[in-house]
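The values are calculated or read from the model by the stated rules, or taken from the named source; none is laboratory data. No experiment lies behind these values; they were computed from the predicted model shown. Here the Cβ positions follow ideal geometry from the backbone for every residue, glycine too, while neighbour counts run over all protein chains shown. Just so you know, the surface numbers come from the protein's heavy atoms only, side chains and all, with ligands and any DNA or RNA stripped out. Shrake-Rupley method; radii C 1.70, N 1.55, O 1.52, S 1.80 Å.
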Amino acid sequence: MTEIKICGLSTPDTLDAALGAGADWVGFVRFPRSPRHVELETARALSRQAKGRAGRVVLLVDPDDASLHQAVEAMEPDLIQLHGRESPERVAEIRALTGLPVMKALGIASAADLASITAYAGIADRLLLDAKAPPGASLPGGNGVSFDWDLLAGAALPAGTMLSGGLGPANVAEALARTGLTAVDVSSGVENAPGSKDPARIAAFVAAARG
Ligand SMILES: O=C(O)c1ccccc1NCC(=O)[C@H](O)[C@H](O)COP(=O)(O)O
């Protein structure tokens, strides 16, 4: 069955919508510039709400040790998603510091970007392939843009690699079929405004991904 992560949840109601729809993973963004950013106490409460119902992911961007420990203490996540410019060495260090599995997001725009897959495979527990942020974008992710999925044809992708970037109810089935991947992540494609998740779109996404 397709593994689904809904990222950027920030309210109890929309978190319930994701859990009720059958999401495997729910993601909470800690990045103040993002419209999906959750303050620490909100993140703590949302993570408690999801405990035992789905895997809980904290999304961090180039965290220093203090903010890493703060997020881990508050949220007790099942997975840390690193969505910045963390080097392979820093990914390994964060795994060692926290004892938690790490998913490293890699920005893909051209065939040259596939080299990063080799660089992080075997270091990160999972990889997330996202579209590279467009020039001038203020966020490194959650931009609602796709990359050319055909770039992945013939690439050696580690088990569990997750696809993201510009996915939504209308294109997720095609993305899965074209890439052969079995795990997807979505944020803006299930929103009705930046940072505002839409329960109906979440349900439609899950149904389309598993249809
Ligand atoms: O979503 C954000 O606001 C965000 C902010 C900073 C770093 C990463 C962010 N999102 C990363 C995700 O996991 C998204 O789900 C992924 O980029 C796909 O986003 P979208 O194209 O909007 O579905």
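When +1 charges are put on Lys and Arg Cβ atoms and -1 charges on Asp and Glu Cβ atoms, the dipole computed for the chain relative to its Cα centre reaches about 260 debye. Note on the chain: with a GNM built from Cα contacts shorter than 10 Å, the maximum mean-square fluctuation among A18, A121, A112 falls on A112.
What whole number of Å gives the distance from the Cα centroid of the stretch 90-104 to the Cα centroid of the stretch 151-190? The distance from the Cα centre of the stretch 151-190 to that of the stretch 90-104 comes to 24 Å. Rolling a 1.4 Å probe over the heavy atoms of the protein chains gives the chain an accessible area of 42 Å² per residue.
Net charge of the neighbourhood of D24, taken over other residues with C-beta under 13 Å away and scored Lys/Arg +1, Asp/Glu -1, is +2. Working from Cα pairs under 8 Å separated by at least six residues, relative contact order for the chain is 21 percent. Shown for the stretch 67-148: the carbon plus sulfur share of the solvent-accessible area, taken with all protein chains present and a 1.4 angstrom probe, equals 53%. Only lysine pairs 8 or more places apart, or on different chains, with alpha-carbon atoms under 15 angstrom apart are counted in the stretch 3-210, and they number 4. Using θ = phi - 60° and the Karplus form 6.51 cos²θ - 1.76 cosθ + 1.60, what ³J(HN,Hα) does each residue of the stretch 10-15 get, whole Hz, x for Gly and Pro? My calculation for the stretch 10-15 gives 9, 9, x, 5, 6, 4 Hz in order. Entry for the stretch 3-210 at q = 0.10 Å⁻¹: log10 I(q)/I(0) = -0.37, Debye formula applied to identical alpha-carbon scatterers, no solvent contribution. Scanning residues 5 or more positions from A183 or on other chains, those with amide H under 5 Å from its amide H are E3, L163, with H placed 1.01 Å from N in the peptide plane. Of the whole protein surface, E39 contributes about 120 Å² of accessible area at a 1.4 Å probe radius.
Backbone phi angles across the stretch 196-211, fed through the Karplus curve with coefficients 6.51, -1.76 and 1.60 (θ = phi - 60°), yield HN-Hα couplings of 10, 6, 10, x, 5, 6, 4, 4, 5, 5, 4, 5, 5, 5, 9, x Hz in residue order; Gly and Pro are listed as x.
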